[in-house]
Amino acid sequence: MNQSGKSKTKIIEERIGTGVGVENPLVSVVIPVFNAAEFIAETLNSVLAQSFKDHEIVVVNDGSPDTEKLEQVLDPYFDRIVYITQENNGVAAARNTGIRNSRGEYLAFLDGDDIWYPNYLKQQLNLLEEKRCDLVYSDALLFYRVSRDDEAFSERAPSSEKVSTESLLSATANILTSGTLVRKVRVLECGMFDEELPRIGTEDFDLWFRLARSGTRIERNEKILLKYRVRKDSLSGGSLKIAERDVAVIELTEEKYELTESEASAAKERKALAKAFLSLERAKGSLSRENFREALEHFRDANSYYKTIKLKAVIAALLVSPRSMFWLFKMTKPEEFAETLQIET
């Protein structure tokens, strides 16, 4: 079952369920798993409940610490899945292992704690055929374990422009990995996920960027077709982590690729915004801890990257009455206040 493409990752075990068909399926669902024993059954049930049935499920255990519990949960599913255990090498390597051991014409990526709606595959395939494209990505409902209202992914990360290298860099097109369906040949041609990147959540963007650069035809499905779980311990779970990742994405892209003039312009503007947001998140953390001098420095940094009247007003207020700003933040933004202190409300 192994596809082309070298990897340094050591495979520990591979099980092919007796119920896995011998004929090549149309779609291979690739699910990397790390510390997801609590959620994987719900994820697998959502795939098995798909109205479109011509698919296989490839679960890759990335050397997870909860392997014993994970395999207990997976026991009723082993007959219906391909299960691979590898030494821990990160999500990029886990997805690549899944790709190499897949047989489908299309790849559908799904994280081990997310949930597809029953018509996910059917609607994605229909749109891909209708638009005659190579990759489609859908919207998702973000849901939390803490007391926050659910929201659409597109509300947090809008896709207002068609996918291009420039729109990816400027964050006017945002692709959620668990909502993508792509022709496998395009991913193989682009070299799959880069396993050498730092493990800070940049590997997805890097692949989308390479696919866009190579002329891959990408279309957006505006429908919400899945539930995306936001966990406190996940890379997407905290505003500060998001800000740090956004800066890293741009800086790594600038280092790795020779950008065109338009790409460089988009990257420059995005990096200024990302650094301003990162400084702002750090300022909130300092303010929450009543470290007013440090908060002031971070607010000034944010304003240096992206000047706004609101930031100037905050800086002025912090100079005059820092404790008033502390109480204003605590009372008007309780969830953000709690998050900066790493307290679940």
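The values are calculated or read from the model by the stated rules, or taken from the named source; none is laboratory data. If you're wondering where the values come from, they're calculated on a predicted model, not measured in any experiment. Reconstructed Cβ throughout: ideal geometry from the backbone, glycine too, with neighbour counts over all protein chains shown.
Here are some conditions: (1) farther than 23 Å from N119 by Cα; (2) touching a residue at least 60 places away in the same chain (Cβ under 8 Å); (3) not charged (D, E, K, R). A49 meets all but one. Which one does it not meet?
Checking A49 against (1) farther than 23 Å from N119 by Cα; (2) touching a residue at least 60 places away in the same chain (Cβ under 8 Å); (3) not charged (D, E, K, R), the one that fails is (1).
Check the range 292-309 and report whether any residue there is touching a residue at least 40 places away in the same chain (Cβ under 8 Å), surrounded by fewer than 17 Cβ atoms within 10 Å (Cβ to Cβ) and not hydrophobic (A, V, I, L, M, F, W, C).
no
Go through (1) touching a strand residue (DSSP E or B) at 6+ places or on another chain (Cβ under 8 Å); (2) not in a helix (DSSP H, G or I); (3) not basic (K, R) for V187 and report which single condition fails.
Evaluating V187 over (1) touching a strand residue (DSSP E or B) at 6+ places or on another chain (Cβ under 8 Å); (2) not in a helix (DSSP H, G or I); (3) not basic (K, R) leaves (2) as the failure.
Could you run through the range 296-324 and say how many residues are among the β-branched types (V, I, T) and farther than 14 Å from A283 by Cα?
Going through the range 296-324 one residue at a time, the tally reaches 3.
Given the structure, is T216 within 17 Å of the chain's Cα centre (by Cα), within 27 Å of L121 (Cα to Cα) and not acidic (D, E)?
Judged against the criteria, T216 is not a match.
Going by what's in this entry, would I218 be described as assigned by TED's automatic domain parsing to the domain that holds F109 and closer than 24 Å to E166 by Cα?
yes
In the range 151-184, how many are in a helix (DSSP H, G or I) and more than 17 Å from D206 (Cα to Cα)?
4
Here is a yes/no grid of residues against (1) closer than 18 Å to R95 by Cβ; (2) crowded, with 16+ Cβ neighbours inside 10 Å; (3) touching a residue at least 60 places away in the same chain (Cβ under 8 Å); (4) of a type in the set (K, R):
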{"site": "V187", "(1), (2), (3), (4)": "yes, yes, yes, no"}
{"site": "M192", "(1), (2), (3), (4)": "yes, yes, yes, no"}
{"site": "E196", "(1), (2), (3), (4)": "yes, no, no, no"}
{"site": "I200", "(1), (2), (3), (4)": "yes, no, no, no"}
{"site": "R210", "(1), (2), (3), (4)": "yes, yes, no, yes"}
{"site": "G215", "(1), (2), (3), (4)": "no, no, no, no"}
{"site": "N221", "(1), (2), (3), (4)": "no, yes, yes, no"}
{"site": "R231", "(1), (2), (3), (4)": "no, yes, yes, yes"}
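Residues that are closer than 21 Å to G191 by Cα and among the aromatic types (F, W, Y), at least 1 per element: which strands (runs of 3 or more DSSP E) completely within the range 1-101 meet that?
Output list is empty.
If the requirement is being surrounded by fewer than 18 Cβ atoms within 10 Å (Cβ to Cβ) and either of a type in the set (G, A, S) or in contact (Cβ under 8 Å) with a residue 60 or more places away in the chain (or both), which of these qualifies: I16, I31, I40?
After applying the criteria, what remains is I16.
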